[in-house]
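Working notes for the structure below.
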Amino acid sequence: MADLTDAEINAALERGRALRLSEPRATSARYDQNSGRVIVDLTNGCTFAFPPRMAQGLESATDDELAAVEILGAGYGLHWDALDVDLSVPGLLAGLFGTKAYMARRAGQVSSPAKAAAARANGARGGRPRKQG
């Protein structure tokens, strides 16, 4: 691999500065037991909150464990030491609450009255048809 030039290094540093100014990062994080949510205040003045049961590694954490949240890396991450859990702030803001495999497992868990009714109707007709071939 070729050595980086000063121009490439300077360009990378400038991209990092621009991201720090434009991309929201955490300024504070806490677990609110009353609402049952992790609350993250962001550098852009917004506040983001999420229920820990949605996030990989926090599903069965106790209130005391959740309250021990720390901010990592200039506000780009959240960390729970006792749980060995790290979550990306940009990822959370994008709706990513875990790894790709974790998110794929969660995708089929959402239920609604319409989904339940469709499943019952399908079951009454004998269930899912067998694959042909």
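Anything in segment 36-79 that is touching a residue at least 12 places away in the same chain (Cβ under 8 Å), exposed (fewer than 13 other Cβ atoms within 10 Å of the Cβ) and farther than 23 Å from Pro24 by Cβ? List them, or say none.
Asp63
Where the second residue is among the basic types (Lys, Arg) and the first is more than 14 Å from Met54 (Cα to Cα) and lies in segment 80-106, which pairs have Cβ atoms under 8 Å and are six or more apart or on separate chains?
That search, which allows pairs on different chains as well, returns Val89/Arg25.
Scan Thr27, Thr62 and give me the residue that is at pLDDT 95 or above and either in contact with a helix residue (DSSP H, G or I) (Cβ under 9 Å, 6 or more places away or on another chain) or of a type outside the set (S, T, N, Q) (or both).
Unique residue meeting the criteria: Thr27.
Restricting to segment 59-78, name every residue that is β-branched (Val, Ile, Thr) and in a loop (DSSP other than H, G, I, E, B).
The one that is β-branched (Val, Ile, Thr) and in a loop (DSSP other than H, G, I, E, B): Thr62.
The values are calculated or read from the model by the stated rules, or taken from the named source; none is laboratory data. The structure presented is a predicted model; accordingly, all values stated were derived computationally and were not measured. All Cβ positions, even for glycine, are placed from backbone atoms using ideal geometry, and neighbour counts span all protein chains on display.
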